[in-house]
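Read the structure below first, then the notes.
Read-outs throughout are calculated quantities, based only on the coordinates presented, and are distinct from any laboratory measurement. Keep in mind that what you see is a predicted model, and the values were worked out from it rather than measured. For neighbour counting, all protein chains shown are included, and Cβ atoms are generated from backbone atoms with ideal geometry for every residue, glycine included.
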Amino acid sequence: MFANACGRGYYVPDYRGDLLARLATHRNLLTTAEYASLVYDMRALVRAGSVSGAQAIEWIRMAGTANDRHVVLAAIELGEFVRDTLVTDVEGPKFSAFAREVVGPRARALGFAPKANESDDDQLMRRGVLRFVAREDPQLAAQARKLAFAWIKDRRAIDPGMVETVLVLAGQTGDAAMFDALLAEAKATSDGLDRRNLMTALFSFSDPTLARKGMALLLDPSFDTRESWTALRNSFYANATRRETSDYIMGNFDTLAKTVGRDEPGRWPGYASGLCSEKDRTEVEAFWKERAKNYAGADRELAQTLEGIALCTRLRSAQGNAIKQFSGATR
């Protein structure tokens with residue numbers, strides 16, 4: 001029994017008892033739309049407490065190895081949610097191993113470059129698959145960094161559709177040499193799209209020291225302020241849980257506010273939306289509570305951010321053992 005025939009309904013079915021397990025057994029009878037819609041629904045079901053983190057991870061495993069692009073990308077979106085919401089720093093290596101096991105083989109088969117006569121699905125799947133798993137896979141991450149260095153010297157080294165993906169991965173996994181190379185090229189290039197992609201990568205570094213160095217570009221007179229903030233917004237979607245973004249904005253608020261339009265700081269509480277602890281919520285609220293009154297829309301942005309942090313904190317507390325429980329069952 002599938003409660004959302006053809007995946008067309010504007011609702012989320014709640015499969016109680018053993019109904020979800022039965023669907024897993026017969027998942028090959030689902031249409032592509034039904035399978036993908038069920039996996040997309042998992043995010044809401046986990047948030048509601050109707051599905052455990054361990055169950056969600058099992059569906060990521062099943063859908064992540066499916067043949068259809070839509071199902072695989074649904075699994076990746078669910079995997080990003082689990083990684084960003086349920087996985088603590090301590091459990092990160094376990095999740096990385098899981099991601100490599102499930103999606104790694106497909107990512108390595110697709111590679112970073114299009115192949116002759118490959119299907120449209122492979123071309124459309126490549127970016128999503130690599131964005132998800134390459135940061136968890138040392139081999140793929142090393143390839144991304146190598147390609148980034150090559151692209152700096154020769155723009156033909158990377159397929160145009162993969163440039164942003166490769167450069168962001170190079171940033172997420174890169175060292176000081178990678179940062180310096182990207183920064184030098186961002187300052188040297190006259191191409192607006194190339195500069196945007198380079199700056200997005202510079203705002204994506206995971207290493208705390210380099211992340212703070214990247215955030216300092218917001219005050220670097222070498223770059224147009226509008227380009228810098230646009231690049232930060234682009235990178236934030238892939239790095240929402242990175243603490244250094246919010247920390248830098250709060251630590252340099254007065255100076256940053258002088259470089260932008262009157263009400264632009266009203267959007268900045270959202271850069272804390274990926275944090276996930278009661279301590280984070282308390283600190284963000286204390287910093288923004290009075291400041292938010294000075295900017296149009298900031299009260300709403302702050303309320304949404306604080307609600308998101310609180311929801312994540314409660315969910316992690318309730319589902320926090322998902323990775324631990326599941327890690328022993330990986331195969």
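Students often forget the sequence filter, so: which lysines lie under 29 Å Cα-Cα from K153 once same-chain residues fewer than 8 apart are removed?
Cα-Cα hits under 29 Å: K115, K187, K213.
How large are Rg and Dmax for region 1-136 when only the alpha carbon atoms are used, in Å?
Expressed in Å, the Cα Rg and Dmax of region 1-136 come to 15.1, 47.
Each residue of region 288-298 in order: what ³J(HN,Hα) in whole Hz does its phi give by Karplus 6.51 cos²θ - 1.76 cosθ + 1.60, θ = phi - 60°, with x for Gly and Pro?
Ordered by residue, 3J(HN,Hα) equals 9, 3, 7, 4, 4, 5, 8, 10, 4, x, 5 Hz.
Would you list, by chain and number, the lysines whose Cα falls below 26 Å from the Cα of K289, excluding same-chain residues fewer than 8 positions away?
Cross-link targets: K258, K279.
Taking only DSSP H segments of four or more residues, each worth -39500 (n - 2.57), what value at 222 nm results for the chain once the sum is divided by all its residues, to the nearest 500 deg cm²/dmol?
On the way: 17 runs with 213 residues, N = 331.
One gets -20000 deg cm²/dmol as the mean residue ellipticity at 222 nm.
With Cβ to Cβ distances under 15 Å as the rule, what net charge do the other residues near R22 carry (K, R +1; D, E -1)?
Local charge sum for R22: -2.
Would you kindly enumerate the cysteines in the chain that have no other Cys beta-carbon under 4.7 Å from their beta-carbon?
Unpaired cysteines in the chain: C6.
Only Cα pairs under 8 Å and at least 6 apart count here; give the relative contact order of region 1-134 as a rounded whole percent.
Reported relative contact order: 20 percent.
So if the hydrodynamic radius of region 138-237 is defined as the Kirkwood radius over C-alpha pairs, what does Stokes-Einstein give as its diffusion coefficient at 37 °C and 0.692 mPa s, in µm² per second?
251 µm²/s
Determine ³J(HN,Hα), in whole Hz, for all residues of region 90-98 in sequence, where each value follows from phi through the Karplus function 6.51 cos²θ - 1.76 cosθ + 1.60 and θ = phi - 60°; x replaces Gly and Pro.
Result, ordered by residue: 5, 8, x, x, 5, 5, 4, 4, 5 Hz.
For the chain, count all C-alpha to C-alpha pairs, find those more than 39 Å apart, and express that count as a whole percent of the total. Kindly include the intermediate steps, with their values, before the conclusion.
Values: 9165 of 54615 pairs.
Result: 17 percent of Cα pairs exceed 39 Å.
Work out Dmax and Rg for region 240-319 from the C-alpha atoms and quote the Rg first, both in angstrom.
Considering region 240-319 through its Cα atoms, Rg and Dmax are 12.5, 42 Å.
Could you list log10 I(q)/I(0) for region 1-42 at q = 0.17, 0.19 Å⁻¹, which the Debye formula gives when each Cα is one point scatterer?
Debye curve over Cα of region 1-42, log10 I(q)/I(0) at q = 0.17, 0.19 Å⁻¹: -0.38, -0.48.
Going by how many other Cβ atoms sit within 10 Å of their own, how do H26, H70 line up, fewest first?
H26, H70
For the pair R314 and M1, how long in nm is the line joining their label points, each one 7 Å along Cα→Cβ?
Label at R314, label at M1, 2.9 nm between them.
What is the distance in Å between the Cα centres of region 218-244 and region 124-142?
22 Å
Which FRET efficiency, nearest 0.05, do T88 and S119 yield, Cβ-Cβ r, R0 41 Å?
The computed FRET efficiency comes out at 0.60.
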